[in-house]
Amino acid sequence: MWVAAATKPFIKFQFHRHTTSLPLLLMANQASLSFSSSVSPVHAPLKRVGTHNGSFHCDEALGCFMIRLTNKFNSAEIVRSRDPQVLEVLDAVLDVGGVYDPARDRYDHHQKGFEEVFGHGFSTKLSSAGLVYKHFGKEIIAKELEVDEEHRDVHHIYLAVYKSFMEAIDAIDNGINQYDTDQPPRYVNNTHLSSRVGRLNLDWTDPDQSPEKENEAFQRAMALAGSEFLDSVRFHVNSWLPARSIVMETLAARHTVDPSGEILVLTKFCPWKLHLFELEGELKNDPAVKYVLYQDERSKHWRVQAVAVSPDSFQSRKALPSQWRGLRDEELSKKSGIPGCVFVHISGFIGGNQNFDGALAMAKAALKM
């Protein structure tokens, strides 16, 4: 027996060779994971989770990692085999076996007729990782938030992590193009997570193609995919969710800033653009916000930023007035009739004033021009 330690997220893997013909077992020490979870009784046998041996992909590596973060499969052994008799007796099976049956913890997606999707407006066919996330994602997120699974924040993060992280893994594994086009891509992208996990497979030139070596590679794949999954969850818990709350609060208070409801003031700067678009869609705000005001943390000046027509667009819903664009300081203050002006960008997407009152005056004047 020997131990190989991964650098992130600090998981120790143990490989056990059995004297019988059972496949090699890959077992992670769950105590080293930073997720808190209730541990099974000391004398209870470990659960056993199966996936296929041979070449691996990101979906089963991530699926195996995620399922071991749950109470039910905490510290489960990973059994890599394609033998139906071996798989049949396991507690869960991912990405092999030709069965999707969550009641029996079978999570394959290769069988004819499989069309399962995440739901909630997403239509991408799921991989084994997506299936595990669909059924266990809320439990994993609730542990990180230290709240019940039914808490509303769990649901928000559950959807956001699927959209920003999980869906691409599902799509790539199922061979779904990102764009509807027959044109060849302008460049090759082999830097995404699925590609990087794939490169961890044994190279055909490696003289050692043993099961032990293969399981070492799978261990690294689990660690890589799992660490990036945890990074995504923790980003959404520690950064995305607080920002969403700030934008939600400012949207609720927008009519106290200006009766039009078209000016938003951030009490604390945060990444706001995607949240604004999503929350406007959820709340069906009308009219839409035209300007967002926030304080620049370095200069302490206030910014007036025009909201784009869409998250990826450079076109503004209502750019700052053309008469102001490209002007600065006293010239801009004179032209606008507003003291303390600092600048307006040549495109009109952003401007600045030395203080809040001046920035608000710029936004209110711009609405009428």
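The values are calculated or read from the model by the stated rules, or taken from the named source; none is laboratory data. The shown structure was predicted, so the numbers you read here are calculated from the model rather than taken from an experiment. Note that we place each Cβ from the backbone using ideal geometry, even for glycine, and neighbour counts take in every protein chain shown. In case anyone asks, the SASA skips ligands and DNA or RNA and just uses the protein heavy atoms, side chains included. Shrake-Rupley method; radii C 1.70, N 1.55, O 1.52, S 1.80 Å.
Overview of results
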read-out: Checking ALA223 against (1) in the same structural domain as VAL154 (by the TED database); (2) surrounded by fewer than 18 Cβ atoms within 10 Å (Cβ to Cβ), the condition it does not meet; value: (2)
read-out: Failed criterion for LYS368 (all others in (1) more than 19 Å from TRP272 (Cβ to Cβ); (2) touching a residue at least 12 places away in the same chain (Cβ under 8 Å); (3) of a type in the set (Lys, Arg) hold); value: (2)
read-out: Hits in segment 248-267 (condition: part of a helix (DSSP H, G or I), open to solvent by 10 Å² or more (accessible area, probe 1.4 Å) and aliphatic (A, V, I, L, M)); value: MET248, ALA252, VAL257
read-out: Selection count where residues are of a type outside the set (Phe, Trp, Tyr) and farther than 22 Å from GLN354 by Cα, scope segment 257-295; value: 19
read-out: Any pair with Cβ under 8 angstrom, 6 or more apart, that starts in segment 185-207 at a residue that is within 19 Å of ASP59 (Cβ to Cβ) and ends at one that is among the hydrophobic types (A, V, I, L, M, F, W, C) and open to solvent by 70 Å² or more (accessible area, probe 1.4 Å); value: HIS192/ILE172; SER194/ILE172
read-out: Test result for ILE338, open to solvent by less than 80 Å² (accessible area, probe 1.4 Å) and either at pLDDT below 95 or under 30 Å from LEU241 (Cβ atoms) (or both); value: no
read-out: Residue match in segment 173-189 (condition: crowded, with 18+ Cβ neighbours inside 10 Å, in a helix (DSSP H, G or I) and touching a Ser or Thr at 6+ places or on another chain (Cβ under 8 Å)); value: yes
read-out: LYS364 being touching a Lys or Arg at 6+ places or on another chain (Cβ under 7 Å), open to solvent by 30 Å² or more (accessible area, probe 1.4 Å) and among the charged types (D, E, K, R); value: no
read-out: Within segment 268-369, helices (runs of 4 or more DSSP H) holding 3 or more residues that are over 28 Å from LEU159 (Cα atoms); value: 329-336, 356-367
read-out: Meets criteria (surrounded by fewer than 21 Cβ atoms within 10 Å (Cβ to Cβ) and at pLDDT 95 or above) for SER32; value: no
read-out: Cross-chain or 6+ apart pairs with Cβ under 6 Å, segment 79-94 first and part of a helix (DSSP H, G or I), then of a type in the set (Gly, Ala, Ser); value: LEU87/GLY50; LEU87/GLY97
read-out: Qualifying residues in segment 283-299 (those that are modelled with pLDDT of 95 or more and over 16 Å from ALA366 (Cα atoms)) - the one least open to solvent (accessible area, probe 1.4 Å); value: TYR294
read-out: Tally of residues being in contact with a helix residue (DSSP H, G or I) (Cβ under 9 Å, 6 or more places away or on another chain) and more than 11 Å from GLY50 (Cα to Cα) across segment 68-90; value: 8
read-out: Single unsatisfied condition, PHE229 versus (1) touching a helix residue (DSSP H, G or I) at 6+ places or on another chain (Cβ under 9 Å); (2) in a loop (DSSP other than H, G, I, E, B); (3) of a type in the set (Phe, Trp, Tyr); value: (2)
read-out: Search result, residues across segment 316-369 that are of a type in the set (Asp, Glu) and farther than 20 Å from ARG254 by Cβ; value: ASP329, GLU330, GLU331
read-out: Any hit, segment 278-289, residues being touching a strand residue (DSSP E or B) at 6+ places or on another chain (Cβ under 9 Å) and under 21 Å from ASP312 (Cα atoms); value: yes
